[in-house]
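The values are calculated or read from the model by the stated rules, or taken from the named source; none is laboratory data. Computed from a predicted structure; not experimentally measured. Glycine also receives a Cβ, built like all others from the backbone with ideal geometry; neighbour counts cover every protein chain displayed. Just the protein is used for accessible areas: all its heavy atoms, side chains included, with ligands, DNA and RNA removed. Shrake-Rupley method; radii C 1.70, N 1.55, O 1.52, S 1.80 Å.
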Amino acid sequence: MADVAKCEIELVVNGESRSVAAYPMERLLDVLREDIGLTGTKEGCGEGECGACSVFMNGRLVNSCLVPALQAAEAEVTTIEGMVAEGAGLDGVQRAFLEYGGAQCGICTPGMVLAAHNLLRTNQEPTREDMKEALAGNLCRCTGYMKIFESVVQACRNMEVAS
């Protein structure tokens, strides 16, 4: 990237306007983790296959390892850290993952939580098939998915999920 200059990219991350100097084709994942310091978004594969790097960009669930920084210019990005207001503690989906063992090693957890939020925005009573489809882009090597599904079911029962 020696021949390519960094450019100023303006975006809104977790409700806060940010300006970062980044290479146009630098990954949004790296901008979030390295430049902004939000390490909740994880890198699992770097190829868009595992979902560990999932974030919301303009309300849409995306793999941040596949999004060039320049594409995120003027976008609204929400990471796992932005799912609740500062000082409010864990949100309902996060609490359910903690209480029902949906979080194990933690690599896939942020992406799974965001994928679950994405599902529950439109379907507050998902079937197991709905959950399988909604979480299919997120790989977990620790839980065998049963605890993740139990966590999503519990989040449906006990919490109102923010849209």
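Some values worked out for this structure:
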quantity: Area accessible to solvent at R128, 1.4 Å probe radius, in Å²; calculated: 100
quantity: Dipole magnitude (debye, nearest 20) for the range 93-156, charges at Cβ of Lys, Arg, Asp, Glu; calculated: 180
quantity: Residue with peak Gaussian network fluctuation, the chain [Cα springs, cutoff 10 Å], from G144, G40, G101; calculated: G144
quantity: For the range 137-153, 3J(HN,Hα) per residue [Karplus equation, 6.51 cos²θ - 1.76 cosθ + 1.60, θ = phi - 60°, Hz, x = Gly/Pro]; calculated: x, 10, 9, 10, 9, 10, 8, x, 6, 4, 5, 5, 4, 4, 5, 5, 4
quantity: Contour excess over end-to-end distance, with Cα ends at E76 and A88 and 0.36 nm allotted per residue; calculated: 2.2 nm
quantity: Base-10 log of normalised Debye intensity for the chain (one unit scatterer per alpha-carbon) at q = 0.10, 0.12, 0.13 Å⁻¹; calculated: -0.36, -0.51, -0.59
quantity: Helix-only mean residue ellipticity at 222 nm for the chain, each DSSP H run of n ≥ 4 adding -39500 (n - 2.57), per residue, nearest 500; calculated: -7500 deg cm²/dmol
quantity: Spatial extent of the range 74-156: Rg and Dmax, with the Cα atoms as the point set, Å; calculated: 12.3, 38
quantity: Dipole magnitude of the chain about its Cα centre (Cβ charges: Lys, Arg +1; Asp, Glu -1), debye to nearest 20; calculated: 500
quantity: Positive-end extreme of charge dipole, the range 1-131 - chosen from L11, C108, Q71 (charges on Cβ); calculated: C108
quantity: Residue-span extension gain [C105 to A5] - 0.36 nm each, minus C-alpha spacing; calculated: 32.3 nm
quantity: Nonlocal amide H pairs with C7, under 5 Å, H built at 1.01 Å; calculated: A22, Y23
quantity: The range 94-141: Cα Rg divided by the 2.2 N^0.38 Å rule of thumb; calculated: 1.08
quantity: Percent RCO, i.e. relative contact order, over the range 1-41, from Cα pairs under 8 Å lying at least 6 residues apart; calculated: 29
quantity: Size of charge dipole - the range 30-122 - debye, nearest 20, with Cβ of Lys, Arg +1 and Asp, Glu -1, no other charges; calculated: 320
quantity: Straight-distance crosslink candidates among lysines, where the alpha carbon sits under 26 Å from K6 and sequence neighbours closer than 8 are dropped; calculated: K42
quantity: Distance between the range 6-76 and the range 86-163 - C-alpha centres, whole angstrom; calculated: 22
quantity: Sequence-distant lysines (8 or more away, or on other chains) whose Cα lies within less than 17 Å of K132; calculated: K147
quantity: Amide H contacts of V77 (H built 1.01 Å from N, under 5 Å, at least 5 apart or other chain); calculated: V12, V13, N14, G15, N58
